[in-house]
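Reading through the structure tokens given below for one structure.
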Amino acid sequence: IINNIRGKSRHDIKPSFKLDDRKITERRLIANEFNKYFVSIATKLNEGYSNDGISVAGLPSFSDYLPKACPTSIYLSDCNQYEIMDIIEELKNGKSSDIPINIIKKSSAIISPHLAQFFNDCMKDGI
């Protein structure tokens, strides 16, 4: 009521869309028609270039430029003490079972080189 008195009444404007000389007001149909339009853009653009004499069929694929895959190999670089320190710093306080996290955080500069070495040795030995 106050907004009406102030001349700021809310007008409900129904969305509408004109398709084939028909006015569509149902939101789902409007969304579907927009979807059809945007999905068809690439096809229409490609049709426009098919008659210019450039054939894309003979062009190599991007995968032709990639090195051959070796499915039995993987390379992991060693972690360092700074990565371990970052991980320790992100630990939430109070989530440890035996050692309080604040003690681990305070001693991270001392224990992180040893943890990094231990982790790297485990990865090298396949443990």
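Ordered by 1.4 Å accessible area with all protein chains kept, 28, 6 run largest first as 28, 6. Taking amide hydrogens as modeled 1.01 Å from N in the peptide plane, which residues meet the under 5 Å criterion relative to residue 24, leaving out close sequence neighbours? Long-range HN contacts for residue 24: 17, 18, 19.
The HN-Hα couplings worked out from phi for segment 69-85 by the Karplus form 6.51 cos²θ - 1.76 cosθ + 1.60 (θ = phi - 60°) are 6, 10, x, 9, 10, 8, 10, 10, 7, 4, 7, 10, 5, 6, 5, 5, 5 Hz, whole numbers, x standing for Gly and Pro. In the complete set of protein chains, residue-level accessible area for residue 14 is approximately 150 Å², probe 1.4 angstrom.
The values are calculated or read from the model by the stated rules, or taken from the named source; none is laboratory data. As the structure is a computational prediction, the values presented were derived from the model and not from experiment. The protein model used for the area step is the full one, side chains on, heavy atoms only, and it has no ligands, DNA or RNA in it. Shrake-Rupley method; radii C 1.70, N 1.55, O 1.52, S 1.80 Å.
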